[in-house]
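First the structure, in the form of structure tokens, and then the observations on it.
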């Protein structure tokens, strides 16, 4: 199928794939810098997101990956370098695993590496947040214009949401509320297809970098070592001052990582599967903090309404 997309700049193509509930606009803080660096940026709306109609039938990582592959074939983009965020980060790993679909891959905070209690934590915290976002749509412009409103809307997604522009946050909140595929896709990601299948060592020949925010409260940092176990050809990069969306929290650093990884250049801080260890400290604190933030934020937002 074809998908709504934007193209900016000239040079070697670079495809950007957003996460669940989002749209191409989630990349707006980094698109111009990538274009200025000499890349042609192609940012898509996945099926059931933004201006692309939903898929008919099953909505899952498998069917999304099929749709992206069809898009690449239609636009003569097979082998394109690709960057994914959140669910889109898992999607680009799936495309890399399949082989002969994409070139260099940058996967930013991918899902699909959770276990046990982490699965319901992911599902119910995101589901509750989106229900609140839908309820508050009539007053969303006013809430996103306020730094406090942005902070309580995005405690899981950004390390410092009060710094984000009102326009960016409003775009994201409206996109989350409008996506017709969100509920089914979220459930399938958590309970029908919770684990991302990996790729044996040596099977991925193109550069593969997984970036992870040290303060990620959606895909917890302890999951990073599991991602490297599943994809031993990958290297890991830690964003020290980022939560789930480094393209929001540290856009300049994200651009540097993307350009280095897709340009075949070395970047300080990259580690391989044999050099990294699990990061577990603080995860329970993160879970507790998010629970309290969601509860307090929900009360504040409803009172504002």
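Looking across region 104-125, the residues that are crowded, with 19+ Cβ neighbours inside 10 Å and either touching a strand residue (DSSP E or B) at 6+ places or on another chain (Cβ under 6 Å) or under 25 Å from residue 209 (Cβ atoms) (or both) come down to 104, 105, 106, 107, 108, 109, 110, 111, 112, 113, 114, 122.
How many residues does region 9-31 contain that are outside any loop (DSSP other than H, G, I, E, B) and either under 24 Å from residue 176 (Cβ atoms) or without any contact (Cβ under 8 Å) to a residue 12 or more places away in the chain (or both)? Lay out the reasoning, then the answer.
At the first step, the residues of region 9-31 found to be outside any loop (DSSP other than H, G, I, E, B) are 12-17, 24-27, 31.
From what is left, the residues that are either under 24 Å from residue 176 (Cβ atoms) or without any contact (Cβ under 8 Å) to a residue 12 or more places away in the chain (or both) are 15-17, 24-27, 31.
Going through region 9-31 one residue at a time, the tally reaches 8.
Only one residue in 143, 168, 186, 132 is in a helix (DSSP H, G or I) and under 22 Å from residue 250 (Cβ atoms). Which one? So that I can check it myself, show each step before the final result.
Details: 143 fails: under 22 Å from residue 250 (Cβ atoms); 186 fails: under 22 Å from residue 250 (Cβ atoms); 132 fails: under 22 Å from residue 250 (Cβ atoms).
Residue meeting the stated conditions: 168.
Selection over region 73-85 of residues that are touching a helix residue (DSSP H, G or I) at 6+ places or on another chain (Cβ under 9 Å) and touching a residue at least 40 places away in the same chain (Cβ under 8 Å) gives a count of 7. Under 7 Å between Cβ atoms, at least 6 apart or on separate chains: pull out the pairs that start in region 258-273 with a residue that is in contact (Cβ under 8 Å) with a residue 24 or more places away in the chain and at positive phi and end on any residue that is outside any loop (DSSP other than H, G, I, E, B) and surrounded by 15 or more Cβ atoms within 10 Å (Cβ to Cβ). If the second residue must be outside any loop (DSSP other than H, G, I, E, B) and surrounded by 15 or more Cβ atoms within 10 Å (Cβ to Cβ), the pairs left are 269/237; 269/238.
Just one of the listed residues (166, 155) is touching a residue at least 12 places away in the same chain (Cβ under 8 Å), under 21 Å from residue 111 (Cβ atoms) and touching a helix residue (DSSP H, G or I) at 6+ places or on another chain (Cβ under 6 Å), and it is 155.
Go over the candidates 35, 41, 59 one by one and state the one that is in contact with a strand residue (DSSP E or B) (Cβ under 9 Å, 6 or more places away or on another chain), crowded, with 21+ Cβ neighbours inside 10 Å and either modelled with pLDDT of 95 or more or part of a strand (DSSP E or B) (or both). Steps first, answer last, please.
On the way: 35 fails: crowded, with 21+ Cβ neighbours inside 10 Å; 59 fails: in contact with a strand residue (DSSP E or B) (Cβ under 9 Å, 6 or more places away or on another chain).
Only one candidate passes the filter, namely 41.
The values are calculated or read from the model by the stated rules, or taken from the named source; none is laboratory data. Treat the numbers as computed from the prediction; the structure is a model and nothing was measured. Here Cβ is always computed from backbone atoms with ideal geometry, including for glycine, and neighbour counts include all displayed protein chains.
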